[in-house]
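Below: one structure, written as structure tokens.
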Amino acid sequence: MTPVPRRVTLRPMTEQDLPMLHDWLNRPHIVQWWGGEAARPSWDDVQAQYRPSVMAAEGVTPYIAMLGDEPIGYAQSYVAVGSGGGWWEDETDPGVRGIDQSLADASRLGQGLGTLLVRALVARLFEDPAVTRIQTDPAPDNLRAIRCYEKAGFAALRTIDTPDGPALYMVQTREAFVEHARRVA
């Protein structure tokens, strides 16, 4: 029996991934936290919003999370300053990045893969010396996501109001990342 790899990597998302992403974004465990039933995306929505060229124009970088050769989730990062739509209007640091991600299969939740995905995304972002801080904003009642972020080195600062409703504002600075990496190594 071949052991399951315990390292999550990220590859750039391509247009060929859109059908897979459409399927994932319509799974109940993702719909629950990504806007609810009212925001369930159609195929046309996914093509219009998630095409890599469209996302790049909006300052968003999409990734497919991989466990070995198997795609297991979606992740995205974005420049917080000027992200629009009422998001992060008080942010003035151009080095701040926001992140979002999800695991594709509900059966994979609770196995530590989300934490590995977040750590891989944070490590990739901090490879860029211009990145100063990474932030995320899970729903205050999404305890699984909050715990995942904490295990990946994020600190909860406060509850905030966002265009999607209340969120727990969580951050990881470059200094905290270096310290956390040293502790878990």
task = Say whether the condition of being under 17 Å from Met20 (Cα atoms), touching a residue at least 24 places away in the same chain (Cβ under 8 Å) and of a type in the set (Val, Ile, Thr) is met by at least one residue in segment 71-88.
result = yes
Candidate set: segment 110-138, residues that are under 16 Å from Val171 (Cβ atoms) and basic (Lys, Arg); chosen: the one modelled with the highest pLDDT = Arg133
ask   = Name the pairs whose Cβ atoms lie under 8 Å apart, with the first residue in segment 50-64 and over 13 Å from Leu21 (Cβ atoms) and aliphatic (A, V, I, L, M), the second at pLDDT below 90 and assigned to a strand (DSSP E or B), and 6 or more positions between them or separate chains?
value = none
message = Give me the helices (runs of 4 or more DSSP H) completely within segment 5-78, filtered to those with at least 3 residues that are under 20 Å from Leu116 (Cβ atoms), modelled with pLDDT of 80 or more and of a type in the set (Gly, Ala, Ser), ordered by residue number.
response = none
remark   = When segment 62-93 is checked residue by residue, the ones that are farther than 15 Å from Glu15 by Cβ and among the β-branched types (Val, Ile, Thr) are Ile72, Val79, Val81, Thr92
message = Exactly one condition in (1) surrounded by 13 or more Cβ atoms within 10 Å (Cβ to Cβ); (2) in contact with a helix residue (DSSP H, G or I) (Cβ under 8 Å, 6 or more places away or on another chain) is false for Ser83; which is it?
response = (2)
query = Given the conditions (1) within 16 Å of Arg174 (Cα to Cα); (2) in a loop (DSSP other than H, G, I, E, B), and given that Gly86 satisfies all but one, which numbered condition is not satisfied?
reply = (1)
task = Please find, within segment 79-101, the residue that is nearest to Arg119 (Cα to Cα) out of those that are among the small types (Gly, Ala, Ser) and in contact with a Ser or Thr (Cβ under 9 Å, 6 or more places away or on another chain).
result = Gly98
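The values are calculated or read from the model by the stated rules, or taken from the named source; none is laboratory data. None of these values were measured; they are calculated from a predicted model. Cβ sites come from the backbone with ideal geometry, for glycine too, and all protein chains shown count toward neighbours.
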